[in-house]
Amino acid sequence: MKAARRPLGLYIHIPFCKQKCIYCDFYSLAGRESRMDDYTAALCAHLTETAPFAAGHQVDSVYFGGGTPSYLGQKRLLRILKTVDKRYHLSKDAEITLEANPDSAGDPKFLRSLRKAGVNRLSLGMQSSCDAELQRIGRVHTMEQVRAAVDAARSAGIENLSLDLIYGLPGQTMDRWQQNLSAAVSLGPQHLSCYGLKVEEGTPLYRQKDQVSLPGDELQADMYLYTVDSLARLGYAQYEISNFCRPGFSSRHNMKYWTLQEYAGFGPGAHSDFGGVRYAYEKDLEAYIRGAKGGTFLLSENTRIPPRDRDTEWIMLGLRTVQGLDPRVYESTFRRRFSCLVPFLEQCRQAGYAVEEGGRWHLTPQGFLLSNQIIGRMLELLAEEKRSRAEAAARGDFRVVLG
């Protein structure tokens with residue numbers, strides 16, 4: 001009897017954009033269309049080279065992220081999809097997601113050809129329903145193009161539609177955010193991702209931060225709590241800090257990141273967690289193309305992590321989800337006590353930041369607002385517990401070590 005193939009997700013980074021948004025710190029490039037053909041060839045070569053290492057896996061999710069994957073064009077995307085289908089054990093019900101900007105996804109013929117090739121989930125970067133806001137942050141589409149792209153997706157038979165929104169944009173009021181959210185819901189998406197604006201160092205927005213009026217932390221928090229409450233009443237369940245969906249429409253690919261499942265990334269800046277190794281490629285388009293032509297790929301990260309040493313990742317990622325942490329799973333997986341974390345979680349519960357349900361701990365919406373601080377303290381407590389046990393072992397005090 002053959003062993004079942006392990007599930008694997010593929011992330012394919014498309015770094016090309018028509019125009020760079022002022023807030024974006026992802027690896028993306030504008031004005032590099034002349035490199036699209038060579039880059040597509042490099043991706044296909046890299047996918048082919050990696051495929052033998054995934055022979056024992058079944059690919060159940062493929063995610064085209066960017067950048068703007070839809071900007072790569074129909075023929076190049078189809079070539080990549082054909083390579084995946086030919087070289088990997090692709091599940092018949094695999095979730096295949098394409099990120100797209102509305103201005104490059106409004107052609108029903110374009111989307112129909114991709115749907116025929118297997119794309120069954122579209123993630124549209126709507127961001128706002130207000131054209132003035134879109135222009136202010138460097139977006140190249142309009143709200144009318146959002147509607148056209150949604151219509152094109154439905155016409156193409158894509159039933160799993162996700163919309164991305166950003167709250168806390170320059171000059172944004174609570175009333176404006178409520179209108180944006182209402183406009184998004186009116187389009188009938190199965191999934192919504194709502195992110196608070198972050199001013200990242202090195203972006204044009206960072207350089208302009210003293211010249212623009214940004215909503216304060218308190219207003220951003222109110223926008224977030226309004227979003228959680230409003231979407232819940234409209235039938236969108238929160239399943240991660242920034243993600244909401246109709247029943248059965250959570251992002252299967254993104255859940256791999258949050259539950260320590262395996263995924264392999266392709267492209268400059270892409271990250272992987274595959275074969276017990278976390279690795280990432282340098283954010284360098286030309287170096288990646290050279291590497292695929294027989295050279296060596298440049299890595300920015302390459303770390304082998306034994307399974308039992310992944311407890312910190314398990315906690316950090318698990319607390320991002322509504323599913324939260326199950327102490328029994330933690331103890332059976334990592335052979336360590338969860339009890340050192342319970343007093344702090346009890347404090348969080350008393351403050352309204354965490355709840356325990358069915359033996360699992362998870363953060364509340366108010367807790368999600370402070371997730372970085374809460375997770376940081378949890379990891380500190382875990383490190384203290386490990387030091388204490390190591391010192392006890394060195395002393396030969398096995399009552400502490402085994403206790």
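The values are calculated or read from the model by the stated rules, or taken from the named source; none is laboratory data. No experiment lies behind these values; they were computed from the predicted model shown. Cβ sites come from the backbone with ideal geometry, for glycine too, and all protein chains shown count toward neighbours.
Annotations for the structure displayed:
- Some residue of the range 256-265 being buried (at least 19 other Cβ atoms within 10 Å of the Cβ) and free of Cβ contacts under 8 Å to residues at least 60 places away in the same chain: no
- Checking each residue of the range 81-98 against the condition of being touching a residue at least 24 places away in the same chain (Cβ under 8 Å), surrounded by 17 or more Cβ atoms within 10 Å (Cβ to Cβ), under 26 Å from residue 21 (Cα atoms) and out of contact with any Leu (no Cβ under 7 Å at 6 or more places or on another chain) gives at least one match.
- So residue 25, is it touching a residue at least 40 places away in the same chain (Cβ under 8 Å) and among the acidic types (Asp, Glu): yes
- Assessment of the range 379-392 against the conditions (within 23 Å of the chain's Cα centre (by Cα) and under 25 Å from residue 278 (Cα atoms)) yields at least one matching residue.
- Hey, residue 149 surrounded by 18 or more Cβ atoms within 10 Å (Cβ to Cβ) and either of a type in the set (Gly, Ala, Ser) or not in a strand (DSSP E or B) (or both) or not: yes
- Any hit, the range 180-187, residues being closer than 24 Å to residue 322 by Cβ, loosely packed, with under 14 Cβ neighbours inside 10 Å and modelled with pLDDT of 95 or more: yes
- Selection status of residue 352, surrounded by fewer than 16 Cβ atoms within 10 Å (Cβ to Cβ), at pLDDT 95 or above and on the phi > 0 side of the Ramachandran plot: yes
- Out of 46, 13, 57, sole residue that is more than 14 Å from residue 266 (Cα to Cα) and buried (at least 17 other Cβ atoms within 10 Å of the Cβ): 57
- If you go through the range 116-133 and keep only what is under 22 Å from the mean Cα position of the chain (by Cα) and either of a type in the set (Lys, Arg) or outside any strand (DSSP E or B) (or both), you end up with 118, 119, 120, 121, 128.
Each row is one residue, and each column tells you yes or no for (1) more than 13 Å from the chain's Cα centre (by Cα); (2) not assigned by TED's automatic domain parsing to the domain that holds residue 98; (3) not in a helix (DSSP H, G or I); (4) not hydrophobic (A, V, I, L, M, F, W, C).
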{"site": "225", "(1), (2), (3), (4)": "yes, no, no, no"}
{"site": "232", "(1), (2), (3), (4)": "yes, no, no, no"}
{"site": "235", "(1), (2), (3), (4)": "yes, no, yes, yes"}
{"site": "254", "(1), (2), (3), (4)": "no, no, no, yes"}
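- Flag for residue 195 being surrounded by fewer than 20 Cβ atoms within 10 Å (Cβ to Cβ), hydroxyl-bearing (Ser, Thr, Tyr) and either modelled with pLDDT under 95 or part of a loop (DSSP other than H, G, I, E, B) (or both): no
- Filter pass, residue 336 being under 21 Å from residue 260 (Cβ atoms), of a type in the set (Lys, Arg) and outside any helix (DSSP H, G or I): yes
- Residues in the range 153-183 that are among the small types (Gly, Ala, Ser) and over 23 Å from residue 236 (Cα atoms): 155, 156, 171.
- Qualifying residue in the range 89-103 (condition: assigned to a helix (DSSP H, G or I) and in contact with a Phe, Trp or Tyr (Cβ under 8 Å, 6 or more places away or on another chain)): no
- Positions within the range 105-131 being at pLDDT below 95 and buried (at least 20 other Cβ atoms within 10 Å of the Cβ), in sequence order: 105, 106
- Taking the numbered list (1) modelled with pLDDT of 95 or more; (2) part of a helix (DSSP H, G or I); (3) out of contact with any Pro (no Cβ under 9 Å at 6 or more places or on another chain); (4) β-branched (Val, Ile, Thr) in turn, residue 401 passes all entries but (1).
- Test: residue in the range 3-11 that is of a type in the set (Gly, Ala, Ser), part of a strand (DSSP E or B) and closer than 15 Å to residue 99 by Cβ: yes
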